[in-house]
1. Using the Karplus equation 6.51 cos²θ - 1.76 cosθ + 1.60 (θ = phi - 60°), what ³J(HN,Hα) coupling, rounded to whole Hz, does each residue of segment 129-135 give in order, writing x for Gly and Pro?
2. With the Cα gyration tensor of segment 4-140 giving a ≥ b ≥ c as the square roots of its eigenvalues, does the rule (a/c under 1.5 for rounded; else a/b larger than b/c for prolate; else oblate) give rounded, prolate or oblate?
3. Would you please give the residues with an amide H less than 5 Å from that of Gln95, counting only those at least 5 places away or on a separate chain, with H modeled from the backbone geometry?
4. Multiply the residue gap between Ile135 and Asp12 by 0.36 nm, knock off their C-alpha separation, and tell me the result in nm, one decimal place.
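Nothing in this text is a laboratory measurement; each read-out follows from the coordinates by a stated rule. These numbers were taken from a predicted model, which means no experiment stands behind them.
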Amino acid sequence: MTTESELLKSDDQRLEELFRKSPAGEIPKGPMEGLAIFPVAGRAGAWLLASVVNLTAWRGKVFSPDGYLSNRLTAMDILSIVAMVGPGPSRLDDQECIVIDYSHTSLVFGGVRDELRQVGPDLYLGLIWLAGRKIGWFTLRGPNNADNSDT
């Protein structure tokens, strides 16, 4: 089983391999806890950066049943930056994934597209695209899924 801790310690190549071999899974429902992944920071640096981002900026996403989501921002858990959610082909390998599309809902983040695949029970690996270029990774896990988090 893949854990969030393992994902945070992984390099870009390992994350890409895992993403390619994982199924899209079901679209999450409700609030999901998120962590940014920084493979270039090394193992210790990745944990530190993920924690700082989680405390000060991005905390996860809330999925609504009507095909939209909002991002959870800051320690105050402000809901903002809405996106459309649905199945679609990944830009990485043209296989099905969960697409999070900001192009129709945000002027500022219109060039961002996230893609998700399920890598474990209630655990998703997210790939971030900006203007068609792969720029980063993140995890999403259910709020009651403490087995996948060491933070």
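1. For segment 129-135, the Karplus-derived couplings read 10, 10, 6, x, 10, 5, 10 Hz, x marking Gly and Pro.
2. Values: a/c = 1.44, a/b = 1.09, b/c = 1.32.
It is rounded, given that a/c, with a ≥ b ≥ c, falls under 1.5.
3. For Gln95, whose amide H was placed from the backbone, the distant partners under 5 Å are Ser90.
4. On the way: separation 123, 0.36 × 123 = 44.28 nm, distance 1.05 nm.
Answer, rounded to one decimal: 43.2 nm.
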